[in-house]
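Colleague: Got a structure for you, questions after.
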Amino acid sequence: MINFEKYTLKNGLRVLLHQDLDTPLVVTNLLYEVGAKDEDEEKTGFAHLFEHLMFGGSINIPNFDIELQRAGGENNAFTSNDITNYYNVLPADNLETALWLESDRMLSLAFTEKSLEVQRSVVIEEFKQRYLNEPYGDVWLELRPLAYQKHPYKWATIGKNIEHIERAEMSDVKSFFKTFYQPSNAILAVCGNINIEHTKVLIEKWFLSIENSGPINRIHITETEQNEYRKKTIERNVPASAFYFAFKMGGRMDKEYYTCDLISDILNKEKSSILYKELTEKLGLTNQISAYITGSLDQGLLIISGKLNENVSLNKFEQEFWKVIDIIKRTKVSEFELTSLKNKIITAKAFQEESILNRAMNLCFSELLGDPNLVNEELSQYDQINPHSIYEQMNLTLTPNNCSVLFVKSNSNGK
């Protein structure tokens with residue numbers, strides 16, 4: 001159980017406070033409700049570019065990292081298709097330093113041509129290294145537009161293509177900041193060894209005077225229902241041919257989300273899963289296979305992916321894969337197996353919540369979903385799932401007409 005206090009400043013900044021006197025540290029986590037899905041389709045990659053720009057100097061502070069390091073702190077950030085998240089971990093006595101730093105870059109960035117060029121170069125290099133030059137690096141650049149026809153999830157957080165970042169102008173950057181980096185579009189969590197009332201005073205001191213720039217006209221595009229089997233094969237210089245079966249599933253607030261999460265665990269039970277036993281042990285087709293979900297706010301994906309053994313053709317594997325999926329859909333999970341999976345989730349959550357950083361991030365994300373107490377109620381969602389609901393959801397989700405598959409054919413084996 002995570003105890004917390006929630007309130008909202010007059011400028012719309014949502015604040016969550018969680019006290020833990022057993023740690024000498026404090027965490028500030030600032031979540032902005034902006035991700036790749038909020039971008040213009042002709043100007044993608046901006047949310048991720050901003051993650052970098054936010055460390056390039058704000059209106060009054062030339063170097064964010066140096067000031068935080070002087071206070072004994074460390075920081076990082078990440079961008080997804082749904083959010084951008086910034087966090088700082090530092091000694092509790094230096095909390096005000098983190099609030100000062102975060103408030104200044106919320107107030108305004110420095111917006112210098114030098115900073116833009118530096119961070120643009122960093123992002124372009126990241127695009128090249130991680131997505132263009134790394135084996136299997138462009139998988140999500142190919143899979144997303146195959147699975148999503150309309151929704152902005154059809155491009156990755158790095159952007160649709162490198163030219164969008166290369167063409168980014170200062171006016172584009174300023175407009176993006178003004179739209180999304182404002183108090184009413186942010187959630188701040190402060191967790192750790194804090195005095196609640198004193199922390200409120202500090203937050204008001206540093207954030208209350210920051211004004212909003214106006215309402216946000218969000219892009220709301222609903223993905224059309226998929227009723228066809230989509231398949232694409234690309235040829236790459238990779239060590240082994242690979243496969244990515246992407247099944248549509250509910251978003252974070254849909255009732256089937258947690259059921260699909262458990263299904264991915266069932267499919268991913270290491271060497272005891274039917275997928276592994278049939279495709280790896282019995283047929284010898286794969287040397288690696290796993291299942292996971294994307295965890296998206298809107299309609300997400302349940303992915304089954306892996307690598308093929310040498311001299312296994314993609315066509316042969318595809319045929320056998322669907323035969324195994326049919327076996328899985330006809331096999332009901334036992335109460336014992338389901339209880340075991342739920343216990344693993346309970347254990348993993350308890351271990352995760354040992355970290356005050358995880359508590360801070362989870363509080364912010366739960367608030368984004370509409371209720372910060374969801375952080376304490378999530379396990380109850382799994383309790384309601386039974387073998388029959390697993391069986392029903394498998395038969396709804398694991399179907400060819402709900403699937404987009406990307407095959408990566410290896411040049412090295414010619415299959």
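Colleague: Looking at the range 266-284, can you tell me whether even one residue there is more than 20 Å from PRO152 (Cα to Cα), hydroxyl-bearing (Ser, Thr, Tyr) and at pLDDT 95 or above? Before the answer, list the steps.
Modeller: Taking the range 266-284 and keeping what is more than 20 Å from PRO152 (Cα to Cα), we get 266-284.
Cutting the leftovers down to hydroxyl-bearing (Ser, Thr, Tyr) gives us 272-273, 276, 280.
Those left that are additionally at pLDDT 95 or above: none.
Among the residues of the range 266-284, not one is more than 20 Å from PRO152 (Cα to Cα), hydroxyl-bearing (Ser, Thr, Tyr) and at pLDDT 95 or above, which makes the answer no.
Colleague: Collect the residues in the range 76-114 that are within 23 Å of GLU211 (Cβ to Cβ) and small (Gly, Ala, Ser), keeping them in residue-number order.
Modeller: Within the range 76-114, ALA98, SER103, SER108, ALA110 meet the criteria.
Colleague: The conditions are (1) farther than 30 Å from ILE196 by Cα; (2) in contact with a Gly (Cβ under 6 Å, 6 or more places away or on another chain), and GLU126 fails exactly one of them. Which is it?
Modeller: With (1) farther than 30 Å from ILE196 by Cα; (2) in contact with a Gly (Cβ under 6 Å, 6 or more places away or on another chain) applied to GLU126, the lone miss is (2).
Colleague: Same structure, new question: Provide a single number: the residues in the range 173-223 that are in the same structural domain as HIS18 (by TED's automatic domain parsing), touching a Phe, Trp or Tyr at 6+ places or on another chain (Cβ under 7 Å) and surrounded by fewer than 17 Cβ atoms within 10 Å (Cβ to Cβ).
Modeller: 1
Colleague: Among the residues of the range 380-391, is any of a type in the set (D, E, K, R), part of a loop (DSSP other than H, G, I, E, B) and either crowded, with 16+ Cβ neighbours inside 10 Å or assigned by TED's automatic domain parsing to the domain that holds GLN352 (or both)?
Modeller: no
Colleague: Could you check LEU116 against (1) at positive phi; (2) in a helix (DSSP H, G or I); (3) of a type in the set (A, V, I, L, M, F, W, C) and say which number it fails?
Modeller: The number of the failed condition is (1).
Colleague: Inspect all residues belonging to the range 210-229 and state whether any of them is within 30 Å of ARG105 (Cα to Cα), of a type in the set (A, V, I, L, M) and out of contact with any Asp or Glu (no Cβ under 8 Å at 6 or more places or on another chain). If you could, list the steps in order and put the result at the bottom.
Modeller: First, the residues of the range 210-229 that are within 30 Å of ARG105 (Cα to Cα): 210-220.
If we keep only those that are of a type in the set (A, V, I, L, M) too, we end up with 210, 216, 219.
Filter once more, so that each one left must be out of contact with any Asp or Glu (no Cβ under 8 Å at 6 or more places or on another chain): 210, 216.
Yes, the range 210-229 contains a residue that is within 30 Å of ARG105 (Cα to Cα), of a type in the set (A, V, I, L, M) and out of contact with any Asp or Glu (no Cβ under 8 Å at 6 or more places or on another chain).
Colleague: Are there any pairs, at least 6 apart or on different chains, whose C-beta atoms fall under 6 Å, with the first in the range 172-185 and outside any loop (DSSP other than H, G, I, E, B) and the second small (Gly, Ala, Ser), and if so, which?
Modeller: LYS178/SER213; PRO183/GLY12; SER184/GLY12
Colleague: Let me ask something else. Please verify whether the range 125-145 includes one or more residues that are more than 26 Å from ALA186 (Cα to Cα), part of a helix (DSSP H, G or I) and more than 22 Å from the chain's Cα centre (by Cα).
Modeller: No, the range 125-145 contains no residue that is more than 26 Å from ALA186 (Cα to Cα), part of a helix (DSSP H, G or I) and more than 22 Å from the chain's Cα centre (by Cα).
Colleague: Give the residue that is nearest to the chain's Cα centre (by Cα), with candidates limited to residues of the range 353-397 that are of a type in the set (Val, Ile, Thr) and within 20 Å of LEU30 (Cα to Cα).
Modeller: VAL375
Colleague: Restricting the first residue to the range 100-125 and requiring it to be in the same structural domain as ASN185 (by TED's automatic domain parsing) and among the small types (Gly, Ala, Ser), which pairs with a second residue that is assigned to a helix (DSSP H, G or I) and crowded, with 17+ Cβ neighbours inside 10 Å meet a Cβ separation below 6 Å and a spacing of at least six or different chains?
Modeller: SER103/TRP206; SER103/PHE207
Colleague: Counting only residues that are outside any helix (DSSP H, G or I) and not charged (D, E, K, R), how many does the range 249-275 have?
Modeller: Total meeting the criteria: 6.
Colleague: So which residues in the range 77-99 are touching a residue at least 40 places away in the same chain (Cβ under 8 Å) and either of a type in the set (Val, Ile, Thr) or in a strand (DSSP E or B) (or both), if there are any at all?
Modeller: Residues satisfying the conditions are THR79, ILE83, THR84, ASN85, TYR86, TYR87, ASN88, VAL89, LEU90, PRO91.
Colleague: A follow-up question, please. Given (1) modelled with pLDDT of 95 or more; (2) outside any helix (DSSP H, G or I); (3) more than 30 Å from ASP20 (Cβ to Cβ), identify the lone condition not met by PHE111.
Modeller: Looking at each condition in turn, PHE111 falls short on (1).
Colleague: Considering only the range 288-297, I want to know if a residue exists there that is within 22 Å of PHE365 (Cβ to Cβ), hydroxyl-bearing (Ser, Thr, Tyr) and free of Cβ contacts under 8 Å to residues at least 24 places away in the same chain.
Modeller: Checking the range 288-297: at least one residue is within 22 Å of PHE365 (Cβ to Cβ), hydroxyl-bearing (Ser, Thr, Tyr) and free of Cβ contacts under 8 Å to residues at least 24 places away in the same chain.
Colleague: Tell me which of these GLU367 doesn't satisfy, since it passes every other one: (1) of a type in the set (D, E, K, R); (2) surrounded by 15 or more Cβ atoms within 10 Å (Cβ to Cβ); (3) touching a His at 6+ places or on another chain (Cβ under 8 Å).
Modeller: GLU367 satisfies all of (1) of a type in the set (D, E, K, R); (2) surrounded by 15 or more Cβ atoms within 10 Å (Cβ to Cβ); (3) touching a His at 6+ places or on another chain (Cβ under 8 Å) except (3).
Colleague: Next up: Check off (1) within 30 Å of LYS154 (Cβ to Cβ); (2) free of Cβ contacts under 8 Å to residues at least 40 places away in the same chain; (3) hydroxyl-bearing (Ser, Thr, Tyr) for THR339 and give me the number that stays unchecked.
Modeller: Exception for THR339: condition (1).
The values are calculated or read from the model by the stated rules, or taken from the named source; none is laboratory data. What you are looking at is a predicted structure, and each value in this text was computed from that prediction instead of being measured. Don't worry about glycine lacking a Cβ; one is built from the backbone with ideal geometry, like all the others, and counts go over all protein chains shown.
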